[in-house]
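Participant: Quick one: the structure is below, and I'll ask about it shortly.
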């Protein structure tokens, strides 16, 4: 799984959290029904605004919050409601203004500060957002959402140690929160902190053993760190769920090849090519494995197959030339290498040139 996806998911999650905040703002309705003091007229309009807000009737909600403020200009939660509406509508400056009023009237309200921080984030004022998220986290130090938001703000500013620490705190507070776990894991992976990333993703696998993306990521991490047995273990686990994923077959082939298990490596690379015949790289990879296994005729066959759909493939001529060279057919091998050189492919022509020079010391043999 990619980190960028997690960060986008986190941003969406932040907006969803705002919606949840709206619902929490309306929790007082149940308390009133439980026999607590009757709501004031301003609070009644606020409660009605919350109902409209949760049903996405933004115009009606705005009218109710505005009426509540007219009746009670100190009702901080009504300003929060307006701030949330403007944020949803993309009216960022107006949202900031409303949340500033709310946090000023209720400086101990963590959601007012986190709402203001969300608005600052949307406007690109990352330093301001960080300050407000810090306040929210100080006011509610046991709420993991505050640390997830704080981590996102740090990460956007490139403050890696601070971002990691914030996400670690979120995971400590909510060990089952996959958003926090995966975001932390992705940041660690992206910054090549592989050992730490493995620890985080193993925790994710314990929570959700059937998560195929977690299994694939662990396979990739173990491949990066040279633990090929574990890489195979997790790639095979993922393959149970996604048996037709050609990229997964490719990585399985790579891991098996690193272990020296060429037969399994070749089977998976063949499967990858079968599943994705338009991927030019898979042809030469299969052909190269055939050559390494001494299956020269199969290497030639796969090169010919590629040339039937890509006549100007330097890699196909190189693989074909290598197979002929290994069979002892030096003149024919030279002809294939020359074709590869003539295509001026920067990825293959230099290698073909080197191979041609290597043929100079070899005697010609009878064609196979």
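Participant: Taking the Cα atoms of the range 204-251 alone, what are Rg (to one decimal) and Dmax (as a whole number) in Å?
Facilitator: Expressed in Å, the Cα Rg and Dmax of the range 204-251 come to 9.8, 27.
Participant: For volume of the Cα convex hull per residue in Å³, which listed value, (i) 179; (ii) 147; (iii) 345, comes from the coordinates shown?
Facilitator: Here the calculated entry is (i).
Participant: Next up: Can you tell me the equivalent ellipsoid semi-axes for the range 62-137? Use √(5λ) from the Cα gyration tensor, largest first, whole Å.
Facilitator: After diagonalising the Cα gyration tensor, the semi-axes are 20, 14, 7 Å.
Participant: Spin-label point model (7 Å from Cα, Cβ direction): what's the residue 312 to residue 279 distance in nm?
Facilitator: Taking the simple label geometry, residue 312 and residue 279 are separated by 2.4 nm.
Participant: If you rank 345, 281, 297 by fewest surrounding Cβ atoms within 10 Å, what's the result?
Facilitator: The order, fewest Cβ neighbours first, is 297, 281, 345.
Participant: Now for a separate question. Once R0 is set to 51 Å, what does the formula 1/(1 + (r/R0)^6) return for the Cβ-Cβ distance between residue 165 and residue 236, expressed as a FRET efficiency to the nearest 0.05?
Facilitator: Using R0 = 51 Å, I get an efficiency of 0.90.
Participant: Right, something else. Based on the Cα gyration tensor of the range 47-92, what are the three equivalent ellipsoid semi-axes, each the root of five times an eigenvalue, rounded to whole Å and given largest first?
Facilitator: Value: 16, 12, 8 Å, ordered largest first.
Participant: Still on this structure, I have one more. Taking 20 °C and 1.002 mPa s as the conditions, I'd like the Stokes-Einstein D for the range 158-275 in µm²/s, using the Kirkwood hydrodynamic radius from alpha carbon pairs.
Facilitator: 145 µm²/s
Participant: With just the Cα atoms defining each centre, how far is the range 91-108 from the range 140-156? Give it in Å.
Facilitator: 19 Å
Participant: Further question on the same structure: Given a Förster radius of 41 Å and the C-beta distance between residue 305 and residue 157 as r, what FRET efficiency does 1/(1 + (r/R0)^6) yield to the nearest 0.05?
Facilitator: 0.20
Participant: With a point put 7 Å past each Cα toward its Cβ, work out how far residue 138 is from residue 89 in nm, to one decimal.
Facilitator: About 3.3 nm separates the two model spin labels.
Participant: By how many degrees, between 0 and 90 and to the nearest 10, does the Cα long axis of helix 58-71 differ from the longest principal axis of the chain?
Facilitator: Approximately 30 degrees, to the nearest 10.
Participant: What is the order of 325, 236, fewest Cβ neighbours within 10 Å to most?
Facilitator: In order of increasing Cβ crowding within 10 Å: 236, 325.
Participant: Which shape class, rounded, prolate or oblate, goes with the range 286-368 when its Cα gyration tensor gives a ≥ b ≥ c as root eigenvalues, a/c under 1.5 marks rounded, and past that a/b bigger than b/c marks prolate?
Facilitator: Here the range 286-368 falls in the oblate category.
Participant: In deg cm²/dmol and to the nearest 500, what is the mean residue ellipticity at 222 nm of the chain if only DSSP H runs of at least 4 residues count, each as -39500 (n - 2.57), divided by the residue total?
Facilitator: After summing the helix terms and dividing by residue count, I get -25000 deg cm²/dmol.
Participant: Got a sec? How would 206, 245 order by Cβ neighbour count within 10 Å, fewest to most?
Facilitator: Listed from fewest to most nearby Cβ atoms, that is 206, 245.
Here, each number is a calculation from the coordinates, and none is a lab measurement. Note that the structure is a prediction, hence the values are computed from the model and not measured. Please note: Cβ atoms are built from the backbone with ideal geometry, for glycine as well, and neighbour counts cover all protein chains shown.
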